[in-house]
Amino acid sequence: MTTSTLDRPDTGSESTGREHRLRWLVLAVIALAQLMVVLDATIVNIALPAAQQALEFSDADRQWVVTAYALAFGSLLLLGGRLSDLFGRRNTFVIGLIGFAVMSAVGGAAVNFGMLVAARAGQGVFAALLAPAALSLLATTFTEPGERAKAFGIFGAVAGAGGAIGLLLGGALTEWTSWRWSLYVNLIFAAVALVGALTMMAPHRAEHRPRLDIPGTVTVSAALFGIVYGFSHAESHGWSNPATIAWLVGGAVLLGAFVVIETRVSHPLLPLRIVLDRTRGGAYLAMFLTGSGMFAVFLFLTFYMQTTLMYSPIVTGVAFLPMVAGMVVSATTSTGVLLPRVGPRPLMVGGLALGAAGLALLAQLQVDSDYAAHILPGLVLLGVGMGMVFAPGMQGAVTGVQPEDAGVASATVNTMQQVGGSIGTALLSTVAATAAADFMTGRTPDAQTKALAAVESYTTTFWWAAAIFVGGAVISAFLLPGGTLPAEESDVLVAAH
């Protein structure tokens, strides 16, 4: 096995051996931190109406509570991944945990709209440190192929189900305590994860640290900010708005400039060898498309259940649990049993196809649809399908990378999921608004017609999300290589022990 100086612990072989013995507890710590980051993208959604009433901000301002987190998180992830390679994964993980907890406390104690938005942006900054460090720690902690498959299955299930768990937890906290606890709860998660990280993870030092690519960092951060902001701006101002066009075009141009820069600098932020590998490239694309559809489903299905079926926040959260269960079972089975036998392509293609089928079922919803007959089957199919994508996708995303690139490879898959979710939400929100407006044209705007228009907007977005998944399945079928992951690649990311 190859041992990298990047992964050599300060505390010697005894400490590393102890870390190896505690690896399943280390996985629990890593998964808890990942859960905190992922669920924070949705936990605040259900709490927003109560927060808006308490802090007295407008409907137009409300989106910034969500967008501030997505902007900071999505635009800084690649930088966060490279910092974990530069300064050590455990150090970056610990700093991310502490910073995320502090920003959560500030947001929970917010006395006005500006303070809340600033705290949400701060959460995004530290999440950009925490998320790639968590995934690269996972990759270096589990080096035996069978154990790695199980670990990635659990991690993928947490990453995929986190959004739904956020809806459940947000609903419970908002209904039973206060909207502020949707932020304060992160202090509990972070405290438990911090104790685990400090007691069970050996610190790692980098004897030969790669240099930071300043031009690439600035360019890609600005590019991702412009793209995510542009799509968010389109949601509220329309696609033809000059500012929307300027942000999107500017982001695309900067992204092209970033690719050029990475081919010319000696120490690139994102070495193109990482994304040009077919397995990793296919995994990144699949995660992007999956994020585009998934976050929109959480948003619009939540609206449908709360505003059309009149479910309470906690009942809405509970209604998503079968999807979470399907995702957990599917993710662990996919990586532990199927991935070593059939490889990532049939799993990810099949998962996207199942997800599309689930969305097609949800697109049949009516104003008076029944949960058991009309919502549950689609949710279960969607959960099973997404488990088949998330877990193999995350393992494929770090397959074969050198240890010094583990952080940025991990950051790239998180970037794809986060940016995909932001773009998908903005795109499908615009689709929903257009569908509702078209339905109302020429009709009397009474309560029944408005309810029908709302359902039309939701089902239209489900059809669009299904089309995105079908497109992802077709692209993955052609892009991902056939066969299993090479056995020797499972040993590339090795921690010294």
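The values are calculated or read from the model by the stated rules, or taken from the named source; none is laboratory data. This is a predicted model, so every value here is computed, not measured. Don't worry about glycine lacking a Cβ; one is built from the backbone with ideal geometry, like all the others, and counts go over all protein chains shown. What goes into the accessible areas is simple: the full protein's heavy atoms, side chains included, and nothing from ligands, DNA or RNA. Shrake-Rupley method; radii C 1.70, N 1.55, O 1.52, S 1.80 Å.
For the reader, a short list of remarks on this structure follows.
- Estimated dipole of the chain in Debye, rounded to 20 [Cβ of Lys and Arg +1, of Asp and Glu -1, Cα centre]: 560
- Fully extended contour minus Cα-Cα distance, from Ala54 to Ile245, at 0.36 nm per residue: 65.3 nm
- Taking every protein chain into account, the accessible area of the chain amounts to 36 square angstrom per residue (probe 1.4 Å).
- On the principal axes of its alpha carbon atoms, segment 216-354 extends 51, 47, 22 Å, with the longest extent given first.
- Here segment 178-268 is treated with +1 on each Lys and Arg Cβ and -1 on each Asp and Glu Cβ, and its dipole about the Cα centre works out to around 220 debye.
- The chain - Kirkwood radius from inverse mean 1/r over Cα pairs (Å): 22.6
- Each residue was assigned an accessible area with a 1.4 Å probe, and for Asp368 the value is about 130 Å².
- Between Val342 and Leu272, the contour length at 0.36 nm per residue exceeds the Cα-Cα span by 22.5 nm.
- Ellipticity estimate at 222 nm from DSSP helix runs (n ≥ 4, -39,500 (n - 2.57)) divided over the chain, nearest 500: -26000 deg cm²/dmol
- The string of couplings for segment 120-136 from the Karplus curve (6.51, -1.76, 1.60, θ = phi - 60°) is 5, 5, x, 4, x, 4, 6, 5, 5, 7, 6, 4, x, 5, 5, 5, 6 Hz, one whole number per residue in order, with x for Gly and Pro.
- Once the Cβ-Cβ distance of Val195 and Val259 is raised to the sixth power relative to R0 = 41 Å, the FRET efficiency obtained is 0.50.
- Per-residue 3J(HN,Hα) values for segment 224-236, derived from phi via the Karplus relation 6.51 cos²θ - 1.76 cosθ + 1.60 with θ = phi - 60°, read 5, 4, x, 5, 5, 5, x, 5, 5, 5, 5, 4, 9 Hz in sequence order (x marks Gly and Pro).
- Ignoring the sites themselves, the chain has its longest run without trypsin sites (Lys or Arg not before Pro) in a DSSP loop having at most 16 other Cβ atoms within 10 Å at 1-210.
- By the Cα gyration tensor, segment 304-453 has an equivalent ellipsoid whose semi-axes, rounded to whole angstrom, run 36, 19, 13 from largest to smallest.
- The relative contact order of segment 164-256 comes to 21 percent, based on Cα pairs under 8 Å that sit 6 or more residues apart.
- Extension gain, Asp61 to Val111: 0.36 nm times the residue separation minus the Cα-Cα distance gives 16.5 nm.
- Dipole of the chain computed with +1 at Lys/Arg Cβ and -1 at Asp/Glu Cβ about the Cα centre; of Pro377, Thr425, Phe189, farthest Cα towards the positive end is Phe189.
- Stretch in the chain that is longest and holds no GluC sites (Glu not before Pro) that DSSP places in a loop and that have at most 14 other beta carbons within 10 Å: 208-497
- Relative contact order (percent, whole number), segment 122-280, Cα cutoff 8 Å, 6+ residue spacing: 15
- Toward the positive end of the charge dipole of the chain, with +1 on the Cβ of Lys and Arg and -1 on the Cβ of Asp and Glu, the farthest Cα among Ala356, Leu27, Gly471 is that of Leu27.
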